[in-house]
Amino acid sequence: MHEVSIVSSIVRTLELEFEEAKLERMKAIHLKVGILSNIEPRLLYNAYQAYNHPGSKYHQVALNIESVPISISCDFCGHVTEVQQYKFSCENCGRPSKNILTGEEMLIHKVEFED
C-alpha cells in the first residue's frame, strides 16, 4: 500500500516548509489527486487516519481530498475537453489527443491554520 508512504511524504514536506510553531496550529490539509495519479483517495484517507492515530502529533489535523478529473487539449483545434469514460478525444473536432492537462497530479493544494 503505497498510500502510507505518500502520507509520510506529505507530512515530511509540511515539516520542511513550516516552522514547528505554525505546524502546531495546523488544522487541515487539502490535497488535489488526479484520476490518473494511481492514488486511490479512499485508501489515502485511510492511510492518513492510521498514520495520525489518536495521540500522534497531527491527529487533530483534517485531511480533505479533491479528485481532479482528466482534461485534455486538442493538438488540432486547441479545444479543452474533460475526458469521460477514458475516451481521449476532442469533444469539438473528435480527434484523439494525448495532451493531458489535468488528472495526473497529486499535490498539496492548501494548508489551513488556526488563527
Pairs returned, first residue in the range 89-110 that is free of Cβ contacts under 8 Å to residues at least 24 places away in the same chain and closer than 27 Å to residue 26 by Cα, second residue that is surrounded by 15 or more Cβ atoms within 10 Å (Cβ to Cβ) and of a type in the set (Phe, Trp, Tyr), beta-carbon separation under 9 angstrom, 6 or more apart or interchain, are none
Quick one: count up the residues across the range 15-57 that are under 19 Å from residue 115 (Cα atoms) and either surrounded by 17 or more Cβ atoms within 10 Å (Cβ to Cβ) or among the polar types (S, T, N, Q) (or both). 3
Cβ contacts < 8 Å: first residue farther than 30 Å from residue 26 by Cα, restricted to the range 59-77; second residue charged (D, E, K, R) and outside any loop (DSSP other than H, G, I, E, B), any location; separation 6+ or different chain. Result? 70/82; 71/82
Hits in the range 77-115 (condition: polar (S, T, N, Q) and on the phi > 0 side of the Ramachandran plot): 85
Residue pairs within 7 Å by beta carbon, gap of at least six or interchain, first lying in the range 21-49 and at negative phi, second of a type in the set (Ser, Thr, Tyr) and in a helix (DSSP H, G or I), listed first then second, are none
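Each value in this text was obtained by applying a stated rule to the coordinates, not by laboratory testing. On a predicted model such as this, the values are computed, not experimentally measured, just so you know. With ideal geometry, Cβ positions are generated from the backbone for all residues, glycine too; neighbour counts draw on all protein chains shown.
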